[in-house]
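Colleague: For reference, the structure I am asking about is given below.
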Amino acid sequence: MIDATGRPQSVLVLGGASEIAQAIVAGLVPGRCRTVILAGRPSERLEAAAAAATAAGADVVETVAFDTTDLAGAPAAVTGAFERFGDIDLVLAAAGALGDQAELEADPLAAADLITTNFTGLAAALLATAASMRSQGHGRIVVISSVAGERARKANFVYGSTKSGLDAFSQGLGDSLVGTGVGVTIVRPGFVVGRMTEGMDLAPFSTTPEAVAGAVIKGIESGAEVVYAPPVLRWVFAVMRQLPRAVWRRMPG
Ligand SMILES: NC(=O)c1ccc[n+]([C@@H]2O[C@H](COP(=O)([O-])OP(=O)(O)OC[C@H]3O[C@@H](n4cnc5c(N)ncnc54)[C@H](OP(=O)(O)O)[C@@H]3O)[C@@H](O)[C@H]2O)c1
C-alpha cells in the first residue's frame with residue numbers, strides 16, 4: 001500500500017530500461033519501495049536496470065517481457081504482473097521513442113509504428129493497469145508524456161502528436177478513476193539530457209533524468225495530477241500554447 005507519506009512499496013515500470021524510469025526507481029527504493037518489476041523488451045539494458053534496482057536495496061526485482069507494439073501482449077503482460085505479484089502500488093508508463101521526423105515523414109509505416117509504440121500500445125496497457133488497480137482499490141499510475149504534446153511543432157509533430165494523444169488519454173483515464181482509490185499523474189518533461197536526446201543541441205530549460213525523478217517523486221507523494229519538469233515549463237507552455245500559428249510554425253527545430 002502507498003503509505004501516509006505517499007510512498008509506494010511496489011512499482012511496475014512499463015519501459016523498465018528507460019533512463020528517466022531508472023532514476024525514479026533509484027529514488028523510490030530508498031524511500032521503502034521493496035518490489036520492482038521492470039517490464040520491457042528483453043535486453044542487456046533491462047537486465048542492467050534490474051541489477052541497479054537490486055543494488056539500490058529492493059527485495060524483489062523481476063523483469064517481464066513487454067513490447068507496446070504487441071497490442072495483445074502489452075495489456076496481457078500488465079494483467080499477468082498483477083496476477084503474479086498481487087498488490088502493485090505504482091505503475092510507471094515510461095516506454096517511448098523519439099524517432100527521426102524526416103525519416104518518419106518519408107516512411108508512413110515507420111510513423112505508424114512510432115504512434116503504436118508511444119500511444120496505441122501504451123494506451124491498451126494503461127487500460128489493463130486501470131482495471132487491475134480498480135479491482136485492488138488503490139494505486140497510482142504515472143504516465144510520462146512530454147511538453148512536445150502540448151502543441152505539435154513541425155520539427156517533430158509525429159512524436160509530439162503521440163504525446164498529445166497519450167496525454168489526453170491519461171487525463172480522461174484519471175477523471176474516470178476519481179473515487180476508485182486510483183490516481184493518475186501525468187508528467188510533462190522538457191528536453192532531458194540522455195540517451196533519447198544524444199547528439200541533439202540542448203533546448204532551453206534542459207534537465208536531467210535525476211531532476212525529472214525528483215519532481216515525479218514529489219508529485220507521487222502529493223498526488224499531483226500534472227507534473228512539469230522542470231516546473232517552470234508549466235508557465236512557458238501556458239504562453240507557447242497561445243502563440244499565433246504563424247509565429248509557432250517558425251519555431252526552430
Ligand atoms: N528524454 C527526453 O528528452 C524526454 C522528454 C520528454 C519526455 N520523454 C519521455 O520519457 C519517457 C522515457 O524516456 P527516456 O528519456 O528515459 O528515454 P530512454 O532511456 O530511451 O527510454 C525509453 C524506453 O522506452 C522503451 N521502449 C521503446 N519502444 C518500446 C516498445 N515498443 N515497447 C516497450 N518499450 C519500448 C525503450 O526500450 P529499449 O531499452 O528496449 O530500447 C526504453 O527503455 C519516454 O516516454 C519519452 O518519450 C523523454
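Colleague: Exactly one condition in (1) in contact with a Gly (Cβ under 6 Å, 6 or more places away or on another chain); (2) within 12 Å of the ligand (Cβ to nearest atom); (3) not aliphatic (A, V, I, L, M) is not met by Glu44; state its number.
Modeller: (1)
Colleague: Please go through region 80-96 and pick out each residue that is surrounded by 14 or more Cβ atoms within 10 Å (Cβ to Cβ), modelled with pLDDT of 95 or more and either charged (D, E, K, R) or within 16 Å of the ligand (Cβ to nearest atom) (or both).
Modeller: Passing the criteria: Gly80, Ala81, Asp89, Leu90, Val91, Leu92, Ala93, Ala94, Ala95, Gly96.
Colleague: To continue, here is another question. Please specify each residue of region 13-50 satisfying the condition of being of a type in the set (Gly, Ala, Ser), part of a loop (DSSP other than H, G, I, E, B) and over 22 Å from Asn118 (Cα atoms). Step through it out loud before you land on a result.
Modeller: Filtering region 13-50 down to residues of a type in the set (Gly, Ala, Ser) leaves 15-18, 21, 23, 26-27, 31, 39-40, 43, 48-50.
From the residues that got through so far, the ones that are part of a loop (DSSP other than H, G, I, E, B) too are 15-18, 31, 43.
Within region 13-50, just Gly31 meets the criteria.
Colleague: Inside region 159-199, can you point out the residues that are more than 21 Å from Val25 (Cα to Cα), within 11 Å of the ligand (Cβ to nearest atom) and in contact with a helix residue (DSSP H, G or I) (Cβ under 7 Å, 6 or more places away or on another chain)?
Modeller: Tyr159, Gly160, Thr162, Lys163, Leu166, Asp167
Colleague: Out of (1) assigned to a helix (DSSP H, G or I); (2) within 24 Å of Thr129 (Cα to Cα); (3) acidic (Asp, Glu); (4) within 16 Å of the ligand (Cβ to nearest atom), what's the single condition that is false for Glu103?
Modeller: (2)
Colleague: Within region 9-32, restricting attention to residues that are more than 13 Å from the ligand (Cβ to nearest atom) and either of a type in the set (Gly, Ala, Ser) or modelled with pLDDT under 95 (or both), which residue is nearest to Thr129 (Cα to Cα)?
Modeller: Among them, the one singled out is Ser10.
Colleague: Please find, within region 200-240, the residue that is nearest to the ligand (Cβ to nearest atom) out of those that are more than 22 Å from the chain's Cα centre (by Cα) and either exposed (fewer than 14 other Cβ atoms within 10 Å of the Cβ) or of a type in the set (S, T, N, Q) (or both).
Modeller: Top of the filtered list is Asp201.
Colleague: Here is a list of conditions, (1) under 17 Å from Gly96 (Cβ atoms); (2) assigned to a helix (DSSP H, G or I), and Ile141 meets all of them except one; can you say which number that is?
Modeller: (2)
Colleague: Please indicate, with yes or no, whether at least one residue in region 173-183 is under 14 Å from Ile115 (Cβ atoms) and buried (at least 17 other Cβ atoms within 10 Å of the Cβ).
Modeller: No, region 173-183 has no match at all.
Colleague: Tell me which residues, restricted to region 77-99, are in contact with a Phe, Trp or Tyr (Cβ under 7 Å, 6 or more places away or on another chain), touching a residue at least 60 places away in the same chain (Cβ under 8 Å) and over 16 Å from Gly139 (Cβ atoms).
Modeller: Filtering region 77-99 down to residues in contact with a Phe, Trp or Tyr (Cβ under 7 Å, 6 or more places away or on another chain) leaves 77, 88, 98-99.
The next check asks that each one be touching a residue at least 60 places away in the same chain (Cβ under 8 Å); those that pass are 88, 98-99.
Residues satisfying the conditions are Leu98, Gly99.
Colleague: Another one. Please determine, by comparing only the residues of region 209-233 that are out of contact with any Ser or Thr (no Cβ under 7 Å at 6 or more places or on another chain) and free of Cβ contacts under 8 Å to residues at least 40 places away in the same chain, which one is farthest from Met251 (Cα to Cα). Let's see the steps before the verdict.
Modeller: Residues of region 209-233 out of contact with any Ser or Thr (no Cβ under 7 Å at 6 or more places or on another chain): 209-218, 222-223, 226, 228, 231-233.
Okay, now just the ones that are also free of Cβ contacts under 8 Å to residues at least 40 places away in the same chain, so 211, 215, 218, 231-232.
Details: Ala211: 26, Ala215: 27, Lys218: 32, Pro231: 21, Val232: 19 Å.
The qualifying residue farthest from Met251 (Cα to Cα) is Lys218.
The values are calculated or read from the model by the stated rules, or taken from the named source; none is laboratory data. Only a predicted model underlies this, so the values are computations on that prediction, with no experimental measurement involved. Here the Cβ is made from the backbone with ideal geometry for all residues, glycine too, and neighbour counts use every protein chain on show.
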